[in-house]
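Structure first, commentary second.
The values are calculated or read from the model by the stated rules, or taken from the named source; none is laboratory data. For clarity, every value in this text was computed on a predicted model and none was experimentally measured. Note: ideal-geometry Cβ built from the backbone for every residue, glycine included; neighbour counts use all protein chains shown. We work out accessible area using only protein heavy atoms, side chains counted, and drop any ligands, DNA or RNA first. Shrake-Rupley method; radii C 1.70, N 1.55, O 1.52, S 1.80 Å.
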Amino acid sequence: MIRILILENDPSWKQFVIKSLGSTYTLDFPGPDADVKRELQTHHYDIVIIDQELTQQVPVKILGWIRTNNPFLPVIMTSPTEKAEQVVTALKK
């Protein structure tokens, strides 16, 4: 089964994803203080979804770490806003 790591703060979005994808995919939602690097080193993920509005962690740093350590792992960055600066920074990673 495809395993997805989802870094998201919004409980309503989390429930939506579980309802939409939970029966088809294995979904992991680590807590806000989770060690994402350890999570990625310990488990195999087929894709990572990162909310750009994370409060406890810096999404672009997480993306950079993934690109350095697992460059072929697909990553989707999400955001409730359209911040061009954040998009350009993420694309450069």
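Filter the stretch 25-76 for residues that are in contact with a Ser or Thr (Cβ under 8 Å, 6 or more places away or on another chain) and part of a loop (DSSP other than H, G, I, E, B) and give the result. Selection gives P32, Q52, E53. Being open to solvent by 50 Å² or more (accessible area, probe 1.4 Å) and closer than 23 Å to P80 by Cβ is a description that does not apply to L54.
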